[in-house]
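Encoded as structure tokens, the structure appears first; notes follow it.
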Amino acid sequence: MTLDRPRIMGVLNVTPDSFSDGGTFVAANAALAVARAMVEDGADIVDVGGESTRPGALAIPPDEEQRRVIPVIKALAAAGVRVSVDTRNASTMAAALDAGALIINDVSGLSYDPAAAPLVARRGCPVVLMHMRGTPATMRARAVYADVAAEVVAELRGCVAAAEAAGISRDAIVLDPGVGFAKDAAQSLAVLRALPDVAALGCPLLIGVSRKSFIGVVAGEADPLRRLPGSLAAALFALSRGAAILRVHDVAETVQAVRVWQALGSG
């Protein structure tokens, strides 16, 4: 997949407890139907996750994660869908790649499971390294920074160095600054404003702002399902600051917004 235009990654949480759509797509048939609709709406990638990473979420056993995601990944891959797997467990990464997933998306930046980086290096697949401090269960307490933008850039630089030291090609790395992960609303806004500094690390950027809590704080909207306008505004801002991939819940609406944004910029 080239990055000559903005790419859209549709979020498919096969979980009972994700922050905005937990329990909605747990049944495999429902998940498959939603994923196919995302592709029809213009998603370039479908990101399948079986473990919630909302603030405060506890880890689940990898075998339970795999029970949730592997049947969905197999069916999507068989239908020709480009699939990424959202996991921090090396055994789930391996099972997902064997089932047809093409991309690893790790919220821990390959730091959670010591076997993850060597696995990605052996498989030679693209990997998304996200910035987060701690784990979903502890990250709120880790949102303490003197200069959030500078520290996120420095810590992502360290993630890239560790990945390369493990044998992962820089060409295979995509970076995600982790909006909302170990960052409060003000810190998330600061990181978004500093995206050119993150892009200067030399890797494509994936940005996930869809329905996130900072939008609720700014807009005064407590219901994640009512944050689409703010999600689109933040997504287009991210594109203007160098984002290459948008990770979103609302694919059709985002695709339309991006097309208009592109048309306005080409005149």
Can we say I207 is in contact with a Gly (Cβ under 6 Å, 6 or more places away or on another chain), of a type in the set (A, V, I, L, M) and either surrounded by fewer than 16 Cβ atoms within 10 Å (Cβ to Cβ) or closer than 24 Å to A57 by Cα (or both)? no
Kindly indicate whether any position in segment 213-225 is assigned to a loop (DSSP other than H, G, I, E, B), more than 25 Å from R123 (Cβ to Cβ) and not small (G, A, S). yes
Would you mind finding the one in I207, I173, I215 that is over 20 Å from T254 (Cα atoms) and of a type in the set (A, V, I, L, M, F, W, C)? I173
Could you tell me how many of the residues in segment 158-183 are among the aliphatic types (A, V, I, L, M) and either closer than 11 Å to M132 by Cβ or not in a helix (DSSP H, G or I) (or both)? 7
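Examine segment 73-85 for a residue that is assigned to a strand (DSSP E or B) and not hydrophobic (A, V, I, L, M, F, W, C), and state whether such a residue exists.
Yes - at least one qualifying residue is present in segment 73-85.
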Determine the pairs where a residue that is in contact (Cβ under 8 Å) with a residue 60 or more places away in the chain and assigned to a strand (DSSP E or B), located within segment 231-245, has a partner that is buried (at least 17 other Cβ atoms within 10 Å of the Cβ) and among the hydrophobic types (A, V, I, L, M, F, W, C) with Cβ atoms under 9 Å apart, the partner being 6 or more residues away or on another chain. I245/I8; I245/M9; I245/I45; I245/V128; I245/V174; I245/L205; I245/L206; I245/I207
Need the failing condition index for P55 against (1) within 19 Å of the chain's Cα centre (by Cα); (2) under 19 Å from V174 (Cβ atoms); (3) surrounded by fewer than 24 Cβ atoms within 10 Å (Cβ to Cβ), just the number. (2)
Only one of (1) without any contact (Cβ under 8 Å) to a residue 12 or more places away in the chain; (2) surrounded by fewer than 16 Cβ atoms within 10 Å (Cβ to Cβ) is not met by E151, so which one is it? (2)
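Return yes when A146 is free of Cβ contacts under 8 Å to residues at least 12 places away in the same chain and among the hydrophobic types (A, V, I, L, M, F, W, C) and no when it is not. Write out each step before concluding.
On the way: free of Cβ contacts under 8 Å to residues at least 12 places away in the same chain: yes; among the hydrophobic types (A, V, I, L, M, F, W, C): yes.
Criteria met by A146.
For G202, state whether it is assigned to a loop (DSSP other than H, G, I, E, B) and at pLDDT below 95. Please lay out each step first, then the result.
Working: assigned to a loop (DSSP other than H, G, I, E, B): yes; at pLDDT below 95: no.
No: the conditions fail for G202.
The values are calculated or read from the model by the stated rules, or taken from the named source; none is laboratory data. Keep in mind that what you see is a predicted model, and the values were worked out from it rather than measured. We place every Cβ from the backbone using ideal geometry, glycine too, and count neighbours over all the protein chains shown.
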